[in-house]
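Engineer: Here it is, the structure in full.
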Amino acid sequence: MAVNYETADHGVSVVAVDGPAGSGKSSVSKAAARRLGFAYLDTGAAYRALAWHALDTAIDLDSADAVVASLHGFAYAISLDPADYGVRVGATDVTEAIREPRISEVVSKIARVPEVRGHLNTLFGGLIAGCGRPGIVVEGRDITTVVAPEAPVRILLTADEAVRLSRRSAELGGASAEALAQQLSARDRQDSKVVDFMTAADGVTTLDSTHLDFDQTVDAVVELVHRVVPLERPQS
Ligand SMILES: Nc1ncnc2c1ncn2[C@@H]1O[C@H](COP(=O)(O)OP(=O)(O)OP(=O)(O)O)[C@@H](O)[C@H]1O
Ligand SMILES: Nc1ccn([C@@H]2O[C@H](COP(=O)(O)O)[C@@H](O)[C@H]2O)c(=O)n1
């Protein structure tokens, strides 16, 4: 089911960003949202938080029925302020915990369950419509195609796998390159069975950051938004 959040319907300009693991979706989207004065929604955090909740309550992740049942006690909250990011499940702050490798290793098992995707997409729809800012940058795997296919700006953010790996490795302080490579490509392989985030759908702009530094990539996203959404540009 597609959820449409066009400017005309809700007064919120959606910038939809998809891409593979480590392509820069969260860091680039967050920085672009700050520059634009927009809200920022990290949809992967919800899948990660549900995986955390399932592990915390000893749910069998190989049972789709058990995973669906776990949605009932899943009290999820995320900040949409790109300057103050945070994720909670009930009273627990899970902002750091959901980034742990034990979560990355199992999150695809959660994401492949259609009822989970439907439930979370409805939740995302409510967050987008009520974000309280003129626009929102929403990033994930199926934002350009399922969550906001009518968004005025839709971007597929990519980078060569070797570059994504070396950036992630630098971020984690030189963690074992081989283990990282295996985990990142295994996750992309699993996730690709559910949604296609490796090829741009019709009307989606591919932004390849392989040869761009971080600031150049953020500039490119902001420029794409300015081309389509009428916003005041800051004086330089
Ligand atoms: N153009 C770029 N140049 C250099 N480093 C970059 C660039 N884009 C992103 N990075 C860095 O790459 C790393 C991975 O980026 P990020 O975590 O945003 O990716 P992601 O797509 O959200 O990953 P995941 O899907 O695994 O959560 C971060 O350390 C980020 O700062
Ligand atoms: N729209 C989305 C977003 C995420 N997923 C799943 O969540 C995992 C974690 O996402 P990150 O962006 O934080 O890496 C990802 O591996 C997918 O399994 C999704 O299915 N759809």
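The values are calculated or read from the model by the stated rules, or taken from the named source; none is laboratory data. From a predicted model like this one, the values you see are computed outputs, not experimental measurements. Methodologically, a virtual Cβ is constructed for each residue, glycine included, from the backbone with ideal geometry; neighbour enumeration extends over all protein chains shown.
Engineer: Among 183, 216, 190, which is in a helix (DSSP H, G or I), in contact (Cβ under 8 Å) with a residue 12 or more places away in the chain and either within 12 Å of ligand 1 (Cβ to nearest atom) or in contact with a His (Cβ under 8 Å, 6 or more places away or on another chain) (or both)? Steps first, please.
Structural biologist: Numbers: 216 fails: in contact (Cβ under 8 Å) with a residue 12 or more places away in the chain; 190 fails: either within 12 Å of ligand 1 (Cβ to nearest atom) or in contact with a His (Cβ under 8 Å, 6 or more places away or on another chain) (or both).
Of 183, 216, 190, the one residue that is in a helix (DSSP H, G or I), in contact (Cβ under 8 Å) with a residue 12 or more places away in the chain and either within 12 Å of ligand 1 (Cβ to nearest atom) or in contact with a His (Cβ under 8 Å, 6 or more places away or on another chain) (or both) is 183.
Engineer: For residue 227, work out the one condition from (1) assigned to a helix (DSSP H, G or I); (2) crowded, with 16+ Cβ neighbours inside 10 Å; (3) not hydroxyl-bearing (Ser, Thr, Tyr) it doesn't fulfil.
Structural biologist: Against the list (1) assigned to a helix (DSSP H, G or I); (2) crowded, with 16+ Cβ neighbours inside 10 Å; (3) not hydroxyl-bearing (Ser, Thr, Tyr), residue 227 comes up short only on (2).
Engineer: Restricting attention to the stretch 113-160, and to residues there that are within 16 Å of ligand 1 (Cβ to nearest atom) and over 14 Å from the mean Cα position of the chain (by Cα), which single residue is surrounded by the fewest Cβ atoms within 10 Å (Cβ to Cβ)?
Structural biologist: Selected residue: 160.
Engineer: As an exercise: evaluate residue 55 against (1) within 13 Å of ligand 2 (Cβ to nearest atom); (2) out of contact with any strand residue (DSSP E or B) (no Cβ under 8 Å at 6 or more places or on another chain); (3) modelled with pLDDT of 95 or more and give the number of the one condition it does not meet.
Structural biologist: Failed condition: (1).
Engineer: Please pick out the residue among 148, 159 that is within 30 Å of residue 122 (Cβ to Cβ) and hydrophobic (A, V, I, L, M, F, W, C). Talk me through it step by step, then tell me what you get.
Structural biologist: Working: 159 fails: within 30 Å of residue 122 (Cβ to Cβ).
Result: 148 is the single residue among 148, 159 that is within 30 Å of residue 122 (Cβ to Cβ) and hydrophobic (A, V, I, L, M, F, W, C).
Engineer: Examine the stretch 181-203 for a residue that is surrounded by 11 or more Cβ atoms within 10 Å (Cβ to Cβ) and more than 16 Å from ligand 2 (Cβ to nearest atom), and state whether such a residue exists.
Structural biologist: Within the stretch 181-203, none of the residues are surrounded by 11 or more Cβ atoms within 10 Å (Cβ to Cβ) and more than 16 Å from ligand 2 (Cβ to nearest atom).
Engineer: For residue 96, are the conditions met, namely being in contact with a helix residue (DSSP H, G or I) (Cβ under 8 Å, 6 or more places away or on another chain), modelled with pLDDT of 95 or more, over 30 Å from residue 231 (Cα atoms) and surrounded by fewer than 15 Cβ atoms within 10 Å (Cβ to Cβ)? Don't jump to the end; show me each part of the working.
Structural biologist: On the way: in contact with a helix residue (DSSP H, G or I) (Cβ under 8 Å, 6 or more places away or on another chain): no; modelled with pLDDT of 95 or more: yes; over 30 Å from residue 231 (Cα atoms): yes; surrounded by fewer than 15 Cβ atoms within 10 Å (Cβ to Cβ): yes.
Considered against the rule, which asks whether it is in contact with a helix residue (DSSP H, G or I) (Cβ under 8 Å, 6 or more places away or on another chain), modelled with pLDDT of 95 or more, over 30 Å from residue 231 (Cα atoms) and surrounded by fewer than 15 Cβ atoms within 10 Å (Cβ to Cβ), residue 96 comes out as no.
Engineer: Taking only the stretch 134-146 into account, find how many residues are over 17 Å from residue 205 (Cβ atoms) and near ligand 2 (Cβ under 9 Å from one of its atoms).
Structural biologist: Within the stretch 134-146, the first condition is being over 17 Å from residue 205 (Cβ atoms), and the residues that meet it are 134, 136, 146.
Now drop any that are not near ligand 2 (Cβ under 9 Å from one of its atoms), which leaves 146.
The total comes to 1.
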